[in-house]
Amino acid sequence: QDRFVPLDVMMVLDRSGSMEGAKITAAKTAAKNFLDNLSPARDQSGLVSFSSSATLNKQLTNDFVSVKTAIDGLSASGATNIGDGLDKANTELSSARAQSGSTKVEILLTDGRANRPGSGDDNPTAVALAQAEADEAAQKGFLLFTIGLGADVNESFLQDLANRTGGEYFF
């Protein structure tokens, strides 16, 4: 793919309680380092964070400093609703702020096992919601890259989410 195609990138960061400490620090560093590789003249980025529910912390913008500031402001608590995070990212990449003709990308950074909605790690309701949102992203032509942090990540689940869109999973 031609790198001169503009990118619209939504960072989707897990801020659940299990991310406390080194994991959220690593996720923040990775997200900010990724932003350093984007071109403000051509690309846009935004931020969604999630725990028990998701928040659109930063709309798509070419002001990457403001996105980094929003990333730095995240703190860890609550459960893990990956599906709601992907839903908010899909909505923003479908908004009027997204650039026509851009490649639209979601980068999910999580230690996670989806446990909301519903209860219990990897429960069928939470997994199905995340899968449905990945399918929606695929239907819209968005690429989902999943990044698993830590030893207890559900690698097969994150691989499946990425595969549904033609994206990739990284540990």
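The values are calculated or read from the model by the stated rules, or taken from the named source; none is laboratory data. Computed from a predicted structure; not experimentally measured. All Cβ positions, even for glycine, are placed from backbone atoms using ideal geometry, and neighbour counts span all protein chains on display. Heavy atoms of the whole protein, side chains included, go into the accessibility calculation; ligands, DNA and RNA do not. Shrake-Rupley method; radii C 1.70, N 1.55, O 1.52, S 1.80 Å.
Identify all residues within segment 112-135 that are over 19 Å from Thr55 (Cβ atoms) and in contact with a helix residue (DSSP H, G or I) (Cβ under 6 Å, 6 or more places away or on another chain); write none if there are none.
Gly118, Ala134
Condition check: buried (at least 19 other Cβ atoms within 10 Å of the Cβ), in contact (Cβ under 8 Å) with a residue 60 or more places away in the chain and closer than 21 Å to Ala128 by Cα. Does Leu13 satisfy that?
Here the answer is yes, as Leu13 does meet what is asked.
Which of the following residues is closer than 29 Å to Arg42 by Cβ and of a type in the set (S, T, N, Q): Ser94, Ser119?
Ser94
Could you grab me the full set of residues in segment 16-33 that are more than 12 Å from Ile71 (Cβ to Cβ) and surrounded by fewer than 12 Cβ atoms within 10 Å (Cβ to Cβ)?
Gly21, Ala22
Just one of the numbered conditions (1) touching a helix residue (DSSP H, G or I) at 6+ places or on another chain (Cβ under 6 Å); (2) farther than 20 Å from Thr25 by Cβ; (3) in contact (Cβ under 8 Å) with a residue 60 or more places away in the chain is not true of Leu109; which one?
All conditions pass for Leu109, except number (2).
Taking segment 37-64, which residues are without any contact (Cβ under 8 Å) to a residue 24 or more places away in the chain and among the acidic types (Asp, Glu)?
Once the filter is applied, which keeps residues that are without any contact (Cβ under 8 Å) to a residue 24 or more places away in the chain and among the acidic types (Asp, Glu), segment 37-64 yields only Asp63.
With a cut-off of at least 1 residues that are open to solvent by 60 Å² or more (accessible area, probe 1.4 Å) and under 23 Å from Asn163 (Cα atoms), name the helices (runs of 4 or more DSSP H) lying wholly within segment 38-147.
Those helices (runs of 4 or more DSSP H) span 82-93, 124-139.
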